[in-house]
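Participant: My questions all concern the structure below.
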Amino acid sequence: MSEAEVTVMSEKGQIVIPKDMRERLKLGPKTKLLVYGHGDTLILRKLVVPDVESELRALWKEIDQKIGRKRRPTQKEIDEEIHAHRKES
C-alpha cells in the first residue's frame, strides 16, 4: 500500500486523485469508480466492466470443443437444423 496523500475537494465536489496513484491503478479519463462511504471513511474502487464480446467468443470456442466442431455452422446448416426441428414439432 502506498503512502497517504492529501487532496482537496472543489466547490463542485470534485477531488483530484494523485498522478502516481492514477498511473499505478491505470485510471484515465472516463474511468468509472464505485464510491463507498462508511462513517468518515470514503473508499473508491475501480469498476471493471467485462468485455462481453471476448467472453462470448470464449464461450463459443468452449462449446465448439465440446461438440467437436472445428468451425461454425454455415447458414445452410442452421436453416436445415431449424427446418428439421420444426418437422419434429
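Derivation of every value follows stated rules applied to the coordinates shown; laboratory data play no part. The structure presented is a predicted model; accordingly, all values stated were derived computationally and were not measured. Glycine also receives a Cβ, built like all others from the backbone with ideal geometry; neighbour counts cover every protein chain displayed.
Participant: Work through the residues other than residue 15 whose Cβ is under 14 Å from its Cβ and net out their charges, Lys, Arg +1 and Asp, Glu -1. Kindly include the intermediate steps, with their values, before the conclusion.
Facilitator: Details: positive: 12, 19, 22; negative: 5, 11.
Its environment carries a net charge of +1.
Participant: Follow-up question, since we're still on this one. Calculate the spin-label point distance for residue 79 paired with residue 25, positioning each point 7 Å from the Cα along the beta-carbon direction, and give it in nanometres.
Facilitator: Spacing of the two 7 Å Cα→Cβ label points: 5.4 nm.
Participant: With springs only between Cα atoms under 10 Å apart, run a GNM on the chain and tell me which of 28, 37, 13 wobbles the most.
Facilitator: Looking only at 28, 37, 13, the biggest GNM fluctuation is shown by 13.
Participant: Net charge near residue 86: determine it from the other residues with C-beta under 14 Å of the C-beta of residue 86, scoring Lys and Arg +1 and Asp and Glu -1.
Facilitator: Values: positive: 87; negative: 79, 80, 81, 88.
Cβ neighbours under 14 Å give a net charge of -3.
Participant: Under a point spin-label approximation (7 Å from Cα along Cα-to-Cβ), what is the residue 48-residue 61 distance to one decimal in nm?
Facilitator: That separation, rounded to one decimal, is 1.8 nm.
Participant: Starting from the Cα of residue 34, move 7 Å in the Cα-to-Cβ direction to define the label point; list residues of region 44-59 whose amide nitrogen is under 11 Å from there.
Facilitator: It comes to 44-49, nothing else.
Participant: Another question, if that's okay. Students often get this wrong, so try it: which of (i) 13.2; (ii) 19.5; (iii) 18.6 is Kirkwood radius over Cα pairs in Å as calculated from the structure shown?
Facilitator: The listed entry that was calculated here is (iii).
Participant: Further question: In which sequence would 67, 43 go, from the one with the fewest C-beta neighbours within 10 Å to the one with the most?
Facilitator: Final ranking by Cβ density, sparse to dense: 67, 43.
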